[in-house]
Amino acid sequence: MDKKLVSFIVAGDPNPEATLKFMKALSKHSDIIELGIPFSDPMADGETIQMADIRALNNGMKVSKVFDIIREFRKYSSTPIVVMTYYNPVFNMGLERFLKELKESGGNGLIVVDLPVEDSEEYLSHCKKYGIDTIFLAAPNTSEDRIKKIDNASSMFIYLVSLYGTTGVRGEVSNLAIDFLKRTKKLCKNPVYVGFGISKKEHAKRFIENGADGVVVGSAYVKIIEEYGDSEETIKKLEEKARKLKEGILEGSK
Amino acid sequence: MEMRFGKYGGQYVPEVLIPSLKELEKAYKEYKDDPEFKEELDYYLKNYAGRETPLYFAENLTKKIGGAKIYLKREDLLLGGAHKINNSIGQALLAKKMGKTRLIAETGAGEHGLSSAMVGALFKMKTRIYMGAIDVERQKLNVYKMKLHGAEVYPVESGSKTLKDAINEALRDWVETFEDTYYLIGSVVGPYPYPSIVRDFQSVIGKEAKKQILDIEGKLPECIVACVGGGSNSIGIFNEFKNDKEVKLIGVEAAGEGLDTEKHAAALLKGKEGILHGMLSYFLQDEDGQIRPTHSISAGLDYPGVGPEHAYLKDMGAVEYAGITDEEALNAFLELSKTEGIIPALESSHALAHAMKIAKEMDSDEIIIVNLSGRGDKDLDTVMNYVKF
């Protein structure tokens with residue numbers, strides 16, 4: 001099976017129109033677009049994504065506009081879209097209404113960072129009902145037992161957090177991450193994607209070589225958006241970044 | 001121990017924290033009823049922190065107001081000047097048993113930061129305190145004290161730069177450092193098992209108060225009043241009286257500039273159900289589920305949520321919740337300072353203000369206990385802005 005590139009940006013950073021342009025650029029080389037719903041208290045995120053959330057919220061980003069962006073994107077592309085969120089915006093809207101709108105707008109999957117698998121029974125049955133795929137995260141300290149539960153609860157892929165920490169660009173791929181990947185690969189029926197701290201072609205290549213089915217990249221893109229804002233330059237650089245990462249994935253697949 | 005209080009509570013955290021919470025739960029279950037652990041805890045509560053605290057009959061205040069007898073549970077007399085030390089000693093002892101070598105804590109008013117810095121010094125643990133940059137500014141004295149004890153104070157510049165952001169930042173630290181680090185949460189908030197652990201360590205307040213009032217008056221009080229930010233001092237005094245139907249329990253939230261304005265911190269009175277900091281509870285939030293900025297004259301009550309057990313107690317009607325404005329709290333602060341020679345914390349002044357309101361309507365043989373959770377020295381900078389001599 002082809003190895004995947006998942007590209008994450010924050011919806012509405014710095015505005016919804018720009019996000020749509022960025023998604024189109026990223027989708028040229030990405031297999032999945034992951035769209036983050038900005039939140040006032042993103043406790044699992046490092047500074048880069050925290051700042052993106054603030055930019056989006058300060059510019060009036062709303063959950064309903066995330067669905068508008070997806071709807072608009074669907075006019076141009078069939079690239080799958082996964083939404084990443086903290087639980088409160090979903091809970092506040094009502095789980096069923098959220099899933100219904102996500103499905104109708106053309107969204108495909110959902111990641112709720114702070115919803116543990118133990119509390120996901122109702123969530124899973126509703127996701128199933130509305131045809132939304134589920135993705136749960138696993139960390140290097142997650143027990144085998146839990147990894148199996150997480151695998152059972154996930155329907156698109158398992159998202160491996162490659163390190164102990166928040167999201168954000170890091171230097172090198174650690175042995176901890178590689179060991180964890182190999183360990184998890186053996187336990188899971190779902191494809192296993194790795195994220196957190198991946199910013200370079202070499203990182204992507206290394207994970208793919210070691211058995212990952214995909215990589216998730218976020219902060220590296222968000223940093224470009226932070227620096228160049230809503231501009232042609234950003235679009236060019238995002239596309240270039242995605243192209244290189246995909247190259248790394250292809251090289252790693254050989 | 002309960003994962004949930006009714007539907008509230010839970011463990012809404014990123015996956016990486018689940019093993020740490022399980023480790024904590026296991027350790028706490030192992031030690032909480034351990035005689036040796038309890039003995040050690042009691043030793044430090046008595047000889048280090050200064051328990052038990054008096055239950056003081058505020059006779060001058062009672063006479064001035066005319067009505068119910070007002071008693072003050074003097075948590076303000078503890079080392080550090082607030083009830084926070086009860087919990088910090090307990091959790092730091094637990095951290096040591098778990099083999100942790102570093103403490104992190106969040107703080108609003110600085111009282112929990114200070115008590116964590118104190119136990120960090122006492123038990124020789126490296127300590128870092130996360131504190132919103134705005135709170136660092138308005139609680140300079142406490143920041144200085146924390147540094148005296150050797151703690152590092154980390155000003156949090158993200159979000160609203162207050163208590164909720166300090167919690168976010170402490171959690172971000174813990175995600176990276178859980179192997180050697182213990183997260184010492186200061187209130188009955190956060191993911192399970194924290195709300196239960198903090199309640200247990202604070203329930204010494206109510207246990208003492210009950211015994212004391214029975215000794216002095218030979219009966220239970222009609223009413224107990226305590227302020228509620230995250231809700232630890234209130235749970236601490238309420239817990240022992242939960243099953244005494246004749247005792248009315250009242251939690252007082254910060255109504256700031258008024259409950260009909262946007263500037264308050266009354267999560268139970270004006271918030272709605274939501275999920276933040278690992279728990280399902282009441283939160284002040286906008287129509288999109290974004291957490292709203294809060295306001296209170298007292299940094300310790302300036303938090304958009306509340307502990308899950310309070311949410312449950314409210315729904316059950318077991319505790320009544322009321323709001324007191326900045327102005328009312330300030331007046332109570334001045335009144336107690338003048339009539340009794342006791343300077344209360346602005347947080348506790350909220351409870352006091354409410355007690356003063358209801359005492360008038362009660363008979364002179366009836367009793368109110370106010371949990372005077374802290375002393376007001378730390379608030380003098382704030383108060384000086386309002387009152388000049």
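The values are calculated or read from the model by the stated rules, or taken from the named source; none is laboratory data. Remember, predicted model here, so these are calculated numbers, not experimental data. Cβ sites come from the backbone with ideal geometry, for glycine too, and all protein chains shown count toward neighbours. Areas reflect the complete protein model, heavy atoms only, side chains present, ligands, DNA and RNA absent. Shrake-Rupley method; radii C 1.70, N 1.55, O 1.52, S 1.80 Å.
Near A:Asn190, once Lys and Arg are set to +1 and Asp and Glu to -1 for all other residues with Cβ below 9 Å from its Cβ, the sum equals -1. Coordinate range of the alpha-carbon atoms in the stretch A:4-253 per principal axis, descending: 42, 40, 31 Å. Proximity of backbone amide H atoms, modeled 1.01 Å from N, is registered between A:Lys4 and A:Gly214, A:Val215 at under 5 Å, excluding neighbours fewer than 5 places apart on the same chain. At 1.4 Å probe size, with every protein chain present, just tell me what the per residue accessible area of the stretch B:251-298 comes to in Å². Per-residue accessible area for the stretch B:251-298 comes out at 30 Å².
The peptide list B:92-100, B:373-381, put in order of mean Cβ contacts within 10 Å with the highest first, becomes B:373-381, B:92-100. Sequence-distant or interchain residues sharing an amide H contact under 5 Å with B:Cys223, placed H: which? It is B:Lys248, B:Ile367, B:Ile369, by chain and number. Indicate the residues belonging to the stretch B:145-180 that lose 30 Å² or more of solvent-accessible heavy-atom surface (probe 1.4 Å) upon moving from the chain alone to the assembly of all protein chains, ignoring ligands and nucleic acids. Flagged in the stretch B:145-180: B:Asn168, B:Arg172, B:Val175, B:Glu176, B:Phe178. State, in square angstrom and to the nearest 100, the accessible area buried between chains A and B, both chains counted, probe radius 1.4 Å. So the buried area, both faces added, is about 2900 Å².
Taken over the Cα atoms of the stretch A:90-131, the convex hull encloses 68 Å³ per residue. Legend: mean number of C-beta atoms from other chains within 10 angstrom of residue C-beta atoms, peptide A:57-68, equals 1. Burial here means at least 50 square angstrom less accessible surface with every protein chain in place than with the chain by itself, probed at 1.4 Å; in the stretch B:233-278 the buried residues are B:Ile275. Taking every Cα-Cα distance in chain B and sorting them into 10 Å bins starting at zero, the pair-distance distribution P(r) comes out as 5, 26, 37, 25, 7, 1 percent. Close amide H pairs (under 5 Å, H built 1.01 Å from N) link B:Val153 with B:Ile129, residues at least 5 positions away or on another chain. Sorting B:152-161, B:130-139 by their mean Cβ neighbour count within 10 Å, with the most densely packed peptide first, gives B:130-139, B:152-161.
Positive contributions from Lys and Arg (+1) and negative ones from Asp and Glu (-1), summed over other residues with Cβ under 11 Å from the Cβ of A:Ala212, come out at +4. The orientation-averaged projected area of the convex hull spanned by the Cα atoms of the protein assembly as shown comes to 28.0 nm². Net charge near A:Lys149, counting Lys/Arg +1 and Asp/Glu -1 over other residues with Cβ under 13 Å of its Cβ? My count for the surroundings of A:Lys149 gives -4. Mean silhouette area of the stretch B:118-276, derived from the convex hull of its C-alpha atoms and averaged over all directions, reads 12.1 nm². Per residue of B:15-26, other chain Cβ atoms within 10 Å of the residue Cβ number 5 on average. Once Rg and the Kirkwood radius are both taken over the C-alpha atoms of the stretch A:1-144, their ratio Rg/Rh works out to 0.94. Size descriptor for the stretch A:69-138, Kirkwood hydrodynamic radius: 12.4 Å (Cα pairs only, one decimal). When we measure straight from the Cα of B:Lys211, which lysines land under 23 angstrom away, once same-chain ones fewer than 8 places off are left out? The qualifying lysines are B:Lys32, B:Lys38, B:Lys46, B:Lys69, B:Lys73, B:Lys84, B:Lys219, B:Lys242, B:Lys245, B:Lys248.
In order along the stretch B:120-128, the phi-based Karplus estimate (6.51 cos²θ - 1.76 cosθ + 1.60, θ = phi - 60°) of 3J(HN,Hα) comes to x, 5, 4, 9, 6, 10, 5, 10, 10 Hz; Gly and Pro are listed as x. Counting, for every residue in A:159-169, the Cβ atoms of other protein chains within 10 Å of its Cβ and taking the mean gives 3.
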